[in-house]
Each structure stands twice: as structure tokens, then as C-alpha cells.
Amino acid sequence: MLSGLERLNQPLEARFRAFLTRVIQDDTMHGRFLNTLSLLEHIGSRKIMLSHIHKSPNGEVLKHMAEEARHAYFFSNKAQALLKQPLNDYSQNTTLAPAAAKMYFGKLDSMIEHRITAPEKNDACYLWVSLMIELRAHWAYGLYQDVLQQHQKSLSLKSLIAEENLHLAEMFDSVMALDSSAEQTIPQLAKNEHELFEHFFAQLEKAV
């Protein structure tokens, strides 16, 4: 199944590598990109919290939310070091295409909410949105780490990637247990997510 998703992403790989290579050569641009990743992780953490606002989250949900918030801090901290200034927001001047980043997440959330039917819909939407985001993070962060290593940058995402991959495995197991048709649903939702990400990525390219 993952090999099919890799084929879906393959046409974007060269463009994404070229984008990353360009970004990491300029500290200001790189710092703004890192702060954009912080924004995305922050949105993810907030959406986990909101999805459980009417129901007490279990330990796994709390762990996931805390790790997403910690990843947001990780990226923000690295961004501050490159930009050489304190960062107190996710403004247009400290990120890349912030409106497109928010739109990507919002449209993904909305798309899944309209597509998924389940007795515990909030739980199901949380799991499906998380799975799609973790699949994207698995692809994007892996390429980012490759480019950082190729250009001998000191920044390393290895521990963060390990946590994201653990989240991915957990979300995959959870949706498989929740939905008997998950094997058919995953490629459909992944195709929709891919289209949303392509639009977001086009805005990132324009921003640099």
C-alpha cells in the first residue's frame, strides 16, 4: 500500500528536493521555512485538542498532542537561531505561505469530515486526518533530512522522524481496526490529500 502512495508522490520529488536545496542555502529563507513547519505542527496539535474537546483524551492521544506541540517548538527554536530574532507569531514575514499552510490543513480536515461516516465520527476523523498528515510528514521530512545531509547541514530531523514514523504506524493500525474498508479508503483519501498538498507546495515555491 505504501509503495502505491510513493508512486503518487514520485512526480513531485525532484521539485521538492530542488525547493529544499534552494531554501537551505539562505538562512533567512530557511528560518522562515522552519517556522512554517512549526505552524503546521502547531495546527496539528491544536486540531487534536479540539477533536477531543467533548471527550476526555486517552493517554495515546495526549502523547500525540504533546509530541506535535514539541515538534512545533523544535522547528520554532531552530528558526529563531537562523533568523537571529525571537519569534512570537506565524506572520507573513516569519513564515512562507502561511495562508496556504492553514488552507491545506483546513481543507484536508473538511474533506475527511465529509467523506467519513462512523459511529464515533470525531474519533474517526481525528485518526484519518492524523494518518494523512503522518503519511505526508513521512515523505516530506525524509526528503528534507536527505537534503540536509547532502549539503552537510548540522540540523538533524532523525529523532523527530522516528517519532513521526511511530505516529504513522499507530494511526495506520488504528484506522485498520476502525474501518473494515480502510485498505480501499486510504488510497482515495491520499489522492485527495496529494491534490491539496500540490496546491500548498506551489504557493511555497512562489514564496521563495
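List of remarks:
- Sequentially through the stretch 55-64, phi angles give Karplus couplings (6.51, -1.76, 1.60; θ = phi - 60°) of 8, 5, x, 7, x, 5, 5, 4, 4, 4 Hz, Gly and Pro residues having no value and appearing as x.
- Helix content alone sets the calculated 222 nm mean residue ellipticity of the chain: runs of n ≥ 4 DSSP H residues at -39500 (n - 2.57) each, divided across all residues, give -28500 deg cm²/dmol.
- Nitroxide proxy distance, nm - points 7 Å out along Cα→Cβ at ARG15 and HIS114: 2.3 nm
- Farthest toward the positive end of the dipole of the stretch 136-208, out of MET171, VAL208, GLN184, is the Cα of VAL208, where the dipole comes from beta carbon charges about the Cα centre.
- Separation between Cα centres of the stretch 141-168 and the stretch 82-132, rounded to whole Å: 21 Å
- Extension gain for ASP123-HIS199 works out to 24.6 nm (0.36 nm per residue, less the C-alpha to C-alpha distance).
- Dipole magnitude for the chain: computed about the Cα centre from +1 point charges on Lys and Arg Cβ and -1 point charges on Asp and Glu Cβ, it is near 660 debye.
- Cβ-Cβ FRET estimate between GLN188 and SER156, R0 fixed at 30 Å, reported to 0.05: 0.30
- In this calculation the C-beta distance from LYS84 to LEU8 is compared with R0 = 35 Å, giving a FRET efficiency of 0.35.
- Computed over the chain: relative contact order in percent, which uses C-alpha pairs under 8 Å that are six or more apart: 27 percent
- Ignoring lysines fewer than eight residues from LYS191 along the same chain, the ones with Cα atoms less than 20 angstrom from its Cα are LYS102, LYS107.
- Using a Förster distance of 30 Å, the FRET efficiency for LEU166-ASN93 (Cβ separation, nearest 0.05): 0.30
- Shape call, the stretch 1-146: gyration tensor on alpha carbons, a/c limit 1.5: oblate
- Here the residues MET132, MET111, MET49, ranked from fewest to most Cβ neighbours within 10 Å of their Cβ, fall in the order MET49, MET111, MET132.
- For the stretch 125-196, the square roots of the Cα gyration tensor eigenvalues, ordered a ≥ b ≥ c, give a/c of at least 1.5 with a/b greater than b/c, which places it in the prolate category.
- Largest GNM mean-square fluctuation across LEU34, LEU50, LEU143, computed for the chain with C-alpha springs under 10 Å, falls on LEU50.
- Charged side chains reduced to their Cβ positions (Lys and Arg at +1, Asp and Glu at -1) give the stretch 105-170 a dipole of some 280 debye around its Cα centre.
Any read-out appearing in this document is the output of simple, stated calculations on the displayed coordinates, not a laboratory observation. Since the structure is predicted, the reported quantities are computational estimates derived from the model, not experimental observations. Glycine gets a Cβ as well: all are built from the backbone with ideal geometry, and neighbour counts include every protein chain shown.
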